[in-house]
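The values are calculated or read from the model by the stated rules, or taken from the named source; none is laboratory data. What you are looking at is a predicted structure, and each value in this text was computed from that prediction instead of being measured. Backbone-built Cβ (ideal geometry, glycine too); neighbour counts: all protein chains shown.
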Amino acid sequence: MTPPGLIYPKMTVIGFGLIGGSIVRAAREHKLVGEVVVVDASPAHRARVEELGLADTVTADVAEGVAGADLVVIATPVLATADVAAIAAAAMKPGATLTDVGSVKAGPAEAMYAAAPAGVHVIPGHPIAGTEHSGPDAGFAELFENRWTILTPKINDDEAYALAVARLSSFWRAIGANVELMDEKHHDLVLAVTSHLPHLIAYTIVGSAADLENVTESEVMKYSAGGFRDFTRIAASDPTMWRDIFVANKDAVLEMLGRFTEDLQAMSRAIRWGDADTLHDHFTRTRAIRRGIVAAGQESAEPNFGRDRGKH
Ligand code: NAP
């Protein structure tokens, strides 16, 4: 395959954590960007990026960091996006692209559109790839390989904007992702059921088990292989990130939670009445769904770079 070559002469990533750090590593590895600027609010993280030698410039100043950039990626927690976008967009050059990677799209997108002057192309995005780790050492270049990245561009017939969307799509494809374009509200609904609700369930069940008075903590650890261990991995996900997701995607999460609660009631009734057929039929259907996910290459039957790459 021919190397795709340089896509953005200068890229600025704001927030060097799992996702921002993975984008920088992948873009450098594939030689898709020339100059790399990293902006991060944390002095410790900035010092670590300097140590890693992954950026040409490291700064805490958003306006200074985005000056002259062709691509600006906001990779902070979701609720920081609006404030960061307000400073970044005003300091960007015309023709540049402003994107983000937030797990919720409608709110952050609105904030970015409101902040951007004419000529700055806002293209909200969300890579459906991640792990439960965070911070500057958590990222790795292969994170996005064979994962989906959803972009939620606005619909218009501006040719320059369409070209900016095509350019950003080719950037994501060059670092291994499959790209899908989607309406932002639809994105938030889909992710509420595929990612946000499962995390809520994991956070809840791990808390419930820890609160049980007749089960000791050592028993929870000792017998965790029985399904609980997978929940504990998910429930170890970054508290700030997940606080922001539930605050920002309240409506869609509550809608899906309502449907889930009804389905849980149905399962509860089947158990109470000893309705073995209903239980067996349901479990057969869910097993087929799981096999479909593995067949679609979205689960790690293969070695996974030593890390689990769950979806957020
Ligand atoms: P992370 O590892 O915690 O990294 C976020 C980084 O941004 C940290 O270095 C943080 O510093 C910094 N930061 C916070 N506020 C900032 C601000 N106002 N200005 C500049 N830097 C700031 O988080 P992540 O997991 O990469 O998540 C980043 C975004 O990606 C989130 O919007 C999340 O929804 C989305 N996402 C995450 C995953 C996942 O699996 N983790 C997957 C897909 C999308 P401090 O730690 O000092 O605050």
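In the range 26-81, the qualifying residues are those that are among the charged types (D, E, K, R) and within 29 Å of Phe246 (Cα to Cα), and the one that is nearest to the ligand (Cβ to nearest atom) is Asp40.
Among the residues of the range 248-264, is there at least one that is in contact with a helix residue (DSSP H, G or I) (Cβ under 6 Å, 6 or more places away or on another chain), without any contact (Cβ under 8 Å) to a residue 60 or more places away in the chain and either surrounded by 12 or more Cβ atoms within 10 Å (Cβ to Cβ) or farther than 30 Å from Ile123 by Cα (or both)? Taking every residue of the range 248-264 in turn, none turns out to be in contact with a helix residue (DSSP H, G or I) (Cβ under 6 Å, 6 or more places away or on another chain), without any contact (Cβ under 8 Å) to a residue 60 or more places away in the chain and either surrounded by 12 or more Cβ atoms within 10 Å (Cβ to Cβ) or farther than 30 Å from Ile123 by Cα (or both). Scanning the range 1-52 for residues that are aliphatic (A, V, I, L, M) and without any contact (Cβ under 8 Å) to a residue 40 or more places away in the chain gives Met1, Leu6, Val33, Val36, Val37, Val38, Val39, Ala41, Ala44, Ala47. Just wondering, is there one or more residues in the range 169-177 that are surrounded by 14 or more Cβ atoms within 10 Å (Cβ to Cβ), assigned by TED's automatic domain parsing to the domain that holds Thr240 and out of contact with any strand residue (DSSP E or B) (no Cβ under 6 Å at 6 or more places or on another chain)? Within the range 169-177, none of the residues are surrounded by 14 or more Cβ atoms within 10 Å (Cβ to Cβ), assigned by TED's automatic domain parsing to the domain that holds Thr240 and out of contact with any strand residue (DSSP E or B) (no Cβ under 6 Å at 6 or more places or on another chain). Any residue in the range 130-146 that is away from the ligand (no atom under 16 Å from the Cβ) and either outside the structural domain of His45 (by TED's automatic domain parsing) or modelled with pLDDT of 95 or more (or both)? No, the range 130-146 has no match at all.
Has the range 46-62 got any residue that is within 25 Å of Tyr161 (Cβ to Cβ) and either at pLDDT 95 or above or in contact with a Gly (Cβ under 7 Å, 6 or more places away or on another chain) (or both)? Looking for residues that are within 25 Å of Tyr161 (Cβ to Cβ) and either at pLDDT 95 or above or in contact with a Gly (Cβ under 7 Å, 6 or more places away or on another chain) (or both), one finds at least one in the range 46-62, hence yes.
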